[in-house]
Structures are given as structure tokens and as C-alpha cells.
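Here is the structure we will look at.
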Amino acid sequence: MSCTIRIASPLRSYTAGAATVAGTGTTLAAVLEHLEAHYPGMRFRMIDEQQRIRPHMRLFVNNSEARELSAAVRDGDTVHLICALSGG
């Protein structure tokens with residue numbers, strides 16, 4: 001399954017500045033594994049050691065927030081990787 005991945009600006013250093021990259025996979029976990037294979041180190045910024053989405057990350061498949069890595073990704077979907085802003 002082919003999808004489009006929209007990259008949040010704090011993660012674009014991994015993609016040489018690309019805001020959008022192509023991905024494959026039938027689940028969010030598989031898409032992130034594909035992303036990691038092409039952009040090493042990127043997955044760890046989003047997923048912790050217990051295989052959970054980090055609290056400062058929001059991952060969407062199309063318009064629906066994915067709270068689990070088992071979320072389905074279908075051919076033609078768009079996966080959005082969004083980083084929460086913080087500071088004070």
C-alpha cells in the first residue's frame with residue numbers, strides 16, 4: 001500500500017528538508033518502519049522504547065488521530081506527523 005507522509009518541520013532534518021515523502025505499509029507501524037529504513041533515527045523521535053507514540057507527537061491517518069501503531073493505512077492515505085509545541 002502506498003501513502004503520502006507529511007513531515008512536521010522539526011523532523012525535516014531527517015528528510016533533507018522534504019515536507020512530504022512517499023511511504024508504504026498497511027498499518028501505521030509498518031509505515032513508520034518504512035520511514036525509518038529511508039530516514040534512520042526518525043522513528044525514535046516519534047515512538048518510545050515501549051513502542052508507544054511519544055506524548056509530544058500526534059499522528060494522523062487522513063483526518064483521524066491514530067492513538068495506536070496498529071491503525072490501518074490504506075492505499076492513497078495521507079499520514080500526518082505532527083509535533084506539539086512547548087515552551088514558556
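The values are calculated or read from the model by the stated rules, or taken from the named source; none is laboratory data. All values derive from a computational prediction rather than experimental measurement. Here Cβ is always computed from backbone atoms with ideal geometry, including for glycine, and neighbour counts include all displayed protein chains.
Below, the figures for the structure above:
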read-out	value
Exclusive hit being outside any strand (DSSP E or B), in contact with an Asp or Glu (Cβ under 8 Å, 6 or more places away or on another chain) and not polar (S, T, N, Q), set R43, R74, R58	R43
Filter pass, L69 being part of a loop (DSSP other than H, G, I, E, B), more than 11 Å from the chain's Cα centre (by Cα) and without any contact (Cβ under 8 Å) to a residue 60 or more places away in the chain	no
Candidate set from the stretch 14-40 (those that are assigned to a loop (DSSP other than H, G, I, E, B) and in contact (Cβ under 8 Å) with a residue 40 or more places away in the chain); member that is surrounded by the fewest Cβ atoms within 10 Å (Cβ to Cβ)	T26
Candidates T20, T26, filtered to the one that is within 18 Å of N62 (Cα to Cα), more than 12 Å from the chain's Cα centre (by Cα), of a type outside the set (K, R) and at pLDDT 95 or above	T26
